[in-house]
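The values are calculated or read from the model by the stated rules, or taken from the named source; none is laboratory data. Quick caveat: nothing in here was measured; it's all calculated off a predicted structure. Methodologically, a virtual Cβ is constructed for each residue, glycine included, from the backbone with ideal geometry; neighbour enumeration extends over all protein chains shown. These accessible areas exclude ligands, DNA and RNA; they are computed on the full protein's heavy atoms, side chains included. Shrake-Rupley method; radii C 1.70, N 1.55, O 1.52, S 1.80 Å.
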Amino acid sequence: MNHVYSWREAPKAQFAVIGDPVDHSLSPQMHNAAYAALGLPFEYVAIQVPPGEVSQALDHLRELEYRGTNVTVPHKEEALSWCKHVDGFCEQVQAVNTIDVRRRAGVNTDANGFLATLGDMTPSSVLLMGAGGSAKSIARALVRDGWTVRIWNRTHEKAVDLARLAGAAVTDEADPTGAALILNTTSASLQGDDLPVLWERTVKDAIAYDLAYGDSPFLKVAAEHGLRTMNGLPMLVEQGALALEWWTGESAPRAVMAKALEKGPEKPTGTKEQG
Ligand code: ATR
């Protein structure tokens, strides 16, 4: 667990992750390892900010001369409205996860971080599970990159809404027929829940990908059906690396950052925290 500061008691530092809760965030250990490896005299801390106080907190961090913050749940939208400069993608998904505090500029490295983890996979068909905040940015980014996206969600109406927004299709059965990627963006793993995927219909060489990075019932069942699996740790590294590069102009030491995460989450079940 991180040492967590309340925003009014934020220490002198250069970078932070703000969230509520934020004690479980792996970002401090990852970024501090990166700065040490780069020989940069920066410190990255975890700061607790209650909902409704994000603007005040960011103003305060700006006065303390922080350079950057990551933003995790549930603050990605409130943080967007504090920013004076954001790109079109942040506007579309109504979320920023990375802020240049001095310039009041925001970007969203979640979606590009996710896409980077797909490596050289050719865009084809994806079954995307979930219709929450993470699904929103990733569905948009996948469609933008030429993927055919089919959305399943426990609450069907939310899948319909997201599909309309993102230019995707909706499905009322989690049917992976034809999908090269079966992507779990839901919080089901955090509750130890499985998802009703019709696994016997998966195509050969399909990849099951869970954005959570602890134990995942979804990935366990996928592996039992012979699928290749990926968890959320590579995405956590990528979104952090992109944030660091945007803040500092340095090339992020991804291997060091991944190594800093090796001891893994301290909670027994998966967590799903980008930024
Ligand atoms: P995030 O910002 O992390 O995406 P969120 O916006 O709260 O989180 O969205 C959570 C997603 O996980 C939703 O799609 C939610 O489904 P509902 O729309 O039906 O609530 C999904 N989810 C959460 N718990 C789940 C469970 N036990 N089984 C299936 N889906 C679940």
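For a quick check of your reading of the model, give me the residue pairs whose first member lies in region 224-237 and is free of Cβ contacts under 8 Å to residues at least 60 places away in the same chain, whose second is of a type in the set (S, T, N, Q), with beta-carbon atoms closer than 8 Å and at least 6 apart or on different chains.
Note: pairs meeting the criteria are HIS225/THR202; LEU227/THR202; ASN231/SER216; GLY232/GLN274.
Identify the single condition in (1) more than 16 Å from the ligand (Cβ to nearest atom); (2) assigned to a helix (DSSP H, G or I); (3) open to solvent by 20 Å² or more (accessible area, probe 1.4 Å) that LEU58 does not satisfy, given that it satisfies every other one.
For LEU58, the exception is condition (3).
So if I check each of ALA141, ALA116, ALA95, ALA159, which one is more than 30 Å from TYR44 (Cα to Cα) and not basic (Lys, Arg)?
Values: ALA141 fails: more than 30 Å from TYR44 (Cα to Cα); ALA116 fails: more than 30 Å from TYR44 (Cα to Cα); ALA95 fails: more than 30 Å from TYR44 (Cα to Cα).
After applying the criteria, what remains is ALA159.
May I ask you to list pairs of residues, at least six apart or on different chains, whose Cβ atoms are under 7 Å apart, with the first in region 173-187 being within 12 Å of the ligand (Cβ to nearest atom) and the second being of a type in the set (S, T, N, Q) and outside any loop (DSSP other than H, G, I, E, B)?
Every condition considered, the pairs that remain are THR185/SER134.
Is at least one residue of region 102-117 acidic (Asp, Glu), within 14 Å of the ligand (Cβ to nearest atom) and either outside any strand (DSSP E or B) or without any contact (Cβ under 8 Å) to a residue 24 or more places away in the chain (or both)?
First, pick out the residues of region 102-117 that are acidic (Asp, Glu): 110.
Still in the list and also within 14 Å of the ligand (Cβ to nearest atom): 110.
Still in the list and also either outside any strand (DSSP E or B) or without any contact (Cβ under 8 Å) to a residue 24 or more places away in the chain (or both): 110.
Yes, region 102-117 has at least one match.
Has region 135-142 got any residue that is open to solvent by 30 Å² or more (accessible area, probe 1.4 Å) and within 21 Å of the chain's Cα centre (by Cα)? Before you say what the answer is, go through the steps one by one.
Let us first name the residues in region 135-142 that are open to solvent by 30 Å² or more (accessible area, probe 1.4 Å), namely 136, 140.
Adding the requirement that they be within 21 Å of the chain's Cα centre (by Cα) leaves 136, 140.
Yes, region 135-142 contains at least one residue that is open to solvent by 30 Å² or more (accessible area, probe 1.4 Å) and within 21 Å of the chain's Cα centre (by Cα).
Anything in region 118-142 that is over 15 Å from ALA179 (Cβ atoms) and more than 15 Å from the ligand (Cβ to nearest atom)? List them, or say none.
Once the filter is applied, which keeps residues that are over 15 Å from ALA179 (Cβ atoms) and more than 15 Å from the ligand (Cβ to nearest atom), region 118-142 yields GLY119, ASP120.
For region 143-156: of the residues being assigned to a loop (DSSP other than H, G, I, E, B) and within 14 Å of the ligand (Cβ to nearest atom), which is least open to solvent (accessible area, probe 1.4 Å)?
The initial filter retains those residues of region 143-156 that are assigned to a loop (DSSP other than H, G, I, E, B), namely 145-147, 153-155.
Narrowing further to those that are within 14 Å of the ligand (Cβ to nearest atom): 153-155.
Numbers: ASN153: 21, ARG154: 196, THR155: 57 Å².
Here the answer is ASN153.
Condition first: surrounded by fewer than 17 Cβ atoms within 10 Å (Cβ to Cβ), closer than 26 Å to THR155 by Cα, among the polar types (S, T, N, Q) and modelled with pLDDT of 95 or more. Can you find one or more residues in region 101-124 that meet it?
Yes, region 101-124 contains at least one residue that is surrounded by fewer than 17 Cβ atoms within 10 Å (Cβ to Cβ), closer than 26 Å to THR155 by Cα, among the polar types (S, T, N, Q) and modelled with pLDDT of 95 or more.
Within region 218-246, track down each residue that is over 16 Å from the mean Cα position of the chain (by Cα) and crowded, with 19+ Cβ neighbours inside 10 Å.
Residues of region 218-246 over 16 Å from the mean Cα position of the chain (by Cα): 218-229, 245-246.
Answer for region 218-246, where residues must be over 16 Å from the mean Cα position of the chain (by Cα) and crowded, with 19+ Cβ neighbours inside 10 Å: PHE218, LEU219, ALA222, LEU227.
Restricting to region 198-217, and then to whatever is among the small types (Gly, Ala, Ser) and open to solvent by 10 Å² or more (accessible area, probe 1.4 Å), can you tell me which residue is farthest from GLY113 (Cα to Cα)? Spell out how you get there, then give the answer.
Taking region 198-217 first, the residues among the small types (Gly, Ala, Ser) are 206, 208, 212, 214, 216.
Still in the list and also open to solvent by 10 Å² or more (accessible area, probe 1.4 Å): 214, 216.
Values: GLY214: 18, SER216: 20 Å.
It comes out as SER216.
The rows are residues; the columns are (1) open to solvent by 30 Å² or more (accessible area, probe 1.4 Å); (2) aromatic (Phe, Trp, Tyr).
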residue	(1), (2)
SER25	no, no
TYR35	no, yes
PRO41	yes, no
TYR44	no, yes
PRO51	yes, no
VAL54	no, no
GLU63	yes, no
TYR66	no, yes
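Take the residues in region 71-85 that are more than 14 Å from the ligand (Cβ to nearest atom) and open to solvent by 40 Å² or more (accessible area, probe 1.4 Å); name whichever of them is nearest to the chain's Cα centre (by Cα).
Result: SER81.
For PRO11, are the conditions met, namely being in a loop (DSSP other than H, G, I, E, B), in contact (Cβ under 8 Å) with a residue 24 or more places away in the chain and under 20 Å from the mean Cα position of the chain (by Cα)?
Numbers: in a loop (DSSP other than H, G, I, E, B): yes; in contact (Cβ under 8 Å) with a residue 24 or more places away in the chain: yes; under 20 Å from the mean Cα position of the chain (by Cα): no.
Against the criterion (in a loop (DSSP other than H, G, I, E, B), in contact (Cβ under 8 Å) with a residue 24 or more places away in the chain and under 20 Å from the mean Cα position of the chain (by Cα)), PRO11 does not qualify.
With respect to GLY146, is the statement that it is in contact with a Ser or Thr (Cβ under 9 Å, 6 or more places away or on another chain), more than 24 Å from LEU198 (Cα to Cα) and at pLDDT 95 or above true? Walk me through it before giving the result.
Working: in contact with a Ser or Thr (Cβ under 9 Å, 6 or more places away or on another chain): yes; more than 24 Å from LEU198 (Cα to Cα): yes; at pLDDT 95 or above: yes.
Judged against the criteria, GLY146 is a match.
With the checklist (1) out of contact with any helix residue (DSSP H, G or I) (no Cβ under 7 Å at 6 or more places or on another chain); (2) within 14 Å of the ligand (Cβ to nearest atom) in hand, flag the one item GLY226 doesn't pass.
Among (1) out of contact with any helix residue (DSSP H, G or I) (no Cβ under 7 Å at 6 or more places or on another chain); (2) within 14 Å of the ligand (Cβ to nearest atom), the lone unmet condition for GLY226 is (2).
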